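Each remark here refers to the structure printed beneath this line.
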Amino acid sequence: MEKRVTFRGWLLPLALIAPQVIISAVFFFYPAGQAVWQSLFIPDPFGLSSQFVGLGNFEFLLSDKYYRASFVTTAVFSTLVTLCSMIPALFLAVIADRLIKGSGVYRTLLIWPYAVAPAVAGVLWLFMFNTRVGVVAWYLSQLGYDWNHVLNDTEAMGLVVVASAWGRISYNFLFFFAALQSVPRSVIEAAAIDGAHFWRRFFTIVLPLLSPTAFFLLVVNVVYAFFETFGVIHTITGGGPQQATTILVYKVFSDGFVGQDLGSSSAQSVILLIVVGLLTVIQFKYVEKRVHY
Amino acid sequence: MKKNFLGALAVTTALSPVAAMAQTEVQFWHAFTGRLGELVKAQVEEFNASQDEYVVVESHKGNYSETLNAGIAAFRAGEQPQILMVFEVGTATMMSAEGAIRPVYEVMAESGASFDPDAYIGAVKGYYTTTDGDMLSLPFNSSTPVLWVNRDAFEAAGVDPDTDLSTWEKVGDVLEQLKAGGEDCPLVTAWQSWIHLENMSAYHDVPFASQDNGFAGLDTELMLNGPAQVAHLTAMGDWAKDGKFIYTGRRNEGGANFRSGECALFTESSAGYAGIKAEAEFDFDVRPLPYWEAVTSEPQNTIIGGASLWVMEGHDPEEYKGVGEFLSFLSSSDVQSAWHQNTGYLPITAEAGDATRAAGFYDENPGTDIAVIQMTAKEPTANSKGLRLGSFDQIRGIIDEELEAVWAGEKTAQEAMDSAKERGDALLRRFESANQ
């Protein structure tokens, strides 16, 4: 029989969940509700007047081919950021896990970049790749490659992806490293006795056992790429050249806070919310099936 | 920023008991840091020391966009300052905000402070004045684009540094010579939309937008895809392709390239003076912005960039009196000539310009009067009074994107400007419907 704890009355359970409910209500439901409400209006910036337009803001956005193109940009960007932050992290975690001595030092060093705020990380990378004073840009020019992310779409995208993924590698590394530690040694040793070499053991035993962690990180990293990378983009490219690095969340920021167009900005937040919601549902429905807990 | 804020807080706290007794406090939010921030602080201190009825409290609120945002957010919360600095691009936004702003001419009339609208330079005040001639905000820092020349780079490339650079046709030839002489960066620019489209249009007396560049109504459409603008951008695009014009970014990134001596020519604001003078380790001089001889035989005036001071609604009459006194103080000849000489910004009154000339500043610093001459040589026309377009910050973003397509050789100038017009007009229609 399952053992269940039951509470008498409602007060205690309500009091216990209240903090979480209040925090979610104040910091999530209320602003999200506001965004949905505001997306139906074209307000003036000062809040003096506001015109009800129904779904007009959405119509305006979806009929804009540059906004639609920004979906593709976002998809490319988030896929690349997720891959570039998870694969190296997994690789580093596997290597660090094999170390017998000094793994603490490597671990500490590898976690450092996570402490750097995205906007600051953006500036750091920009300095290295600055077309005029950047160290990396200079070395590339010595090799005969003319680096110019100010005009070249691909280079600009590459740079914001690397700058966004860099700090994230640390975060992913931590999770992978912890997960690796919990892989039972006995299973690996058994496989080793059977003659499976390292990479075979890794792909057939370790990786499947890591899948819950990898799945969790996949969801978290996609959300990160969608929402938290605008600092990097703001400092490095400002969405350019042309619109090569204008991802959805950056457009929310620039239309709302630079353009003072709160109606369109709210509508974009709502669209973004739906997109991320859908993505998470898809991930849970299809990817999670392949995850072994 | 934090320090400033704490400083302001300390000042406010320290003065509040006094203020409650006799002095009226006036909040002034601005966007200046560094040297400019110090100069603003000095102006405020001088005003506060000059009388004992009012205390102006200055606070720095971030860059131009952030300051405007802070003002808007504060207004929504009922905490707005009396005076808010807004960059020229935000002019239409502020103008349409009836009920949030109090026009300067009204404030001045009610406060009884001395105010003569005719004292201000036409091309400067025009930007902030209605078509009926009423001044809505007080011009504070205004600059205009000029051509900066690295004389050493000219000599290194074997080109006479005194050569005539008055027209783009001549500049085109010089760029060719510079390139042939081994110069890797013949021309670089800052603020491409402001200089190569907005000013280019005014300077050649062609419209940038319909309805007198937006002054006559919100139902304005962009006209930046006209033949004059397209011809200029086509030439620039060709120069970019040949490596004669180097694109460095949307803002003033090019300044670093010029100040380090890497580039020979630089189109940039006259307010670049302080930075170039401080950093350049080469001989430089200033020339008027070139014009196309094929378009006009004599250029019109250029237009300004910078910011003006807006007075916000919702305060006591006594406070507005203080605002009036402070704005009047800022417009005084002494304050203006000092500001002009220290920063390279234009003087906002003709008198301040004359005082600067009389003091011999222009003789000691040759070229510093070029911006003033360029602005005031001709009476502004409907095309050269300035621009008043809603959502203009975003429209500039669109123009930047389209220009990048031209510099990268992905679009012709005509295609890019047609597209900029289409996209910009959509935003103008939105602004129109939000402000009806």
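Read-outs: derived from the displayed coordinates by stated rules, not from any lab. Everything quoted here is computed from the prediction, not taken from an experiment. Glycine also receives a Cβ, built like all others from the backbone with ideal geometry; neighbour counts cover every protein chain displayed.
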Please give the peptides A:266-275, B:118-127 ranked by average Cβ packing (other Cβ atoms within 10 Å per residue), highest first, as a rough proxy for protection. B:118-127, A:266-275
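Can you flag which of B:Lys170/B:Lys241; A:Lys65/B:Lys244; B:Lys179/B:Lys241; B:Lys179/B:Lys277; A:Lys65/B:Lys411 are past 23 Å Cα-Cα? All intermediate terms of the calculation are to be shown ahead of the outcome.
Numbers: B:Lys170/B:Lys241 19 Å; A:Lys65/B:Lys244 33 Å; B:Lys179/B:Lys241 12 Å; B:Lys179/B:Lys277 26 Å; A:Lys65/B:Lys411 17 Å.
From B:Lys170/B:Lys241; A:Lys65/B:Lys244; B:Lys179/B:Lys241; B:Lys179/B:Lys277; A:Lys65/B:Lys411, over 23 Å: A:Lys65/B:Lys244; B:Lys179/B:Lys277.
From other protein chains only, count the Cβ atoms within 10 Å of every residue's Cβ in A:45-57, then give the mean. Can you show the working numbers first?
Numbers: counts 15, 16, 7, 9, 7, 1, 4, 0, 3, 0, 0, 2, 1.
What the average comes to for A:45-57 is 5.
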Estimated dipole of chain A in Debye, rounded to 20 [Cβ of Lys and Arg +1, of Asp and Glu -1, Cα centre]: 1080
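Using the number of other C-beta atoms within 10 angstrom as an exposure proxy, rank A:Met157, B:Met85 with the fewest first.
On the way: A:Met157 19, B:Met85 27.
Fewest to most other Cβ atoms nearby, the residues stand as A:Met157, B:Met85.
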Taking B:246-255, B:170-179 and ranking on average Cβ neighbours within 10 Å, highest first, one gets B:246-255, B:170-179
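Determine the shielding of peptide A:147-158 by partner chains: average, over its residues, the number of Cβ atoms on other chains within 10 angstrom of each Cβ. Walk me through the numbers on the way to the answer.
Details: counts 0, 4, 0, 9, 11, 1, 3, 0, 0, 0, 0, 0.
Whole-number average of other-chain Cβ neighbours for A:147-158 is 2.
What are the chymotrypsin sites (Phe, Trp or Tyr not before Pro) within segment A:1-67 that DSSP puts in a loop, where the Cβ has at most 13 other Cβ atoms within 10 Å?
On the way: sites: A:Phe7, A:Trp10, A:Phe27, A:Phe28, A:Phe29, A:Trp37, A:Phe41, A:Phe46, A:Phe52, A:Phe58, A:Phe60, A:Tyr66, A:Tyr67; in loops: A:Phe7, A:Trp10, A:Phe46.
Filter output for segment A:1-67: A:Phe7, A:Trp10.
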Unmatched cysteines, the protein assembly as shown - criterion: no other Cβ of a Cys under 4.7 angstrom: A:Cys84
Please give the calculated 222 nm ellipticity per residue for chain B, where each DSSP H segment of at least 4 residues contributes -39500 (n - 2.57) and the sum is spread over every residue; nearest 500 deg cm²/dmol? -14000 deg cm²/dmol
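Can you tell me the order of A:205-212, B:61-68 when each peptide is scored by its average per-residue count of other Cβ atoms within 10 angstrom, highest first?
Numbers: A:205-212: 17.1, B:61-68: 19.4.
Per-residue Cβ counts within 10 Å, averaged per peptide and sorted highest first, yield B:61-68, A:205-212.
Would you mind calculating the relative contact order of segment B:337-436 from Cα pairs under 8 angstrom and at least 6 residues apart, reporting the percent as a whole number?
On the way: 47 pairs, mean separation 19.1, N = 100.
Result for segment B:337-436 is 19 percent.
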Extreme residue, positive dipole direction of segment A:58-290, given options A:Val276, A:Tyr106, A:Ala75 (C-beta unit charges): A:Tyr106
Relative contact order of chain B (C-alpha contacts under 8 Å, at least 6 apart) in percent is 25
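For chain B, what is the percent of antiparallel DSSP beta bridges, rounded to the nearest 5?
Working: 24 of 40 bridges.
DSSP beta bridges in chain B are roughly 60 percent antiparallel.
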Partner chain Cβ atoms within 10 Å, averaged over the residues of A:254-263 - can you pull that number for me? 6
Based on other C-beta atoms within 10 Å, arrange B:His196, B:His315 from fewest to most. B:His315, B:His196
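Which ordering of B:Glu402, B:Glu281, B:Glu106 is given by a fewest-first count of other beta-carbon atoms within 10 Å? Could you put the intermediate results ahead of the total?
On the way: B:Glu402 26, B:Glu281 9, B:Glu106 16.
So the ranking, lowest neighbour count to highest, is B:Glu281, B:Glu106, B:Glu402.
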Rounded to the nearest 500, what is the 222 nm mean residue ellipticity of chain A from helices alone, with -39500 (n - 2.57) per DSSP H run of 4+ residues and division by all residues? -21000 deg cm²/dmol
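Below 8 Å, C-alpha to C-alpha, sequence gap of six or more: please give me the relative contact order for segment B:54-136 in percent.
RCO, segment B:54-136: 21 percent.
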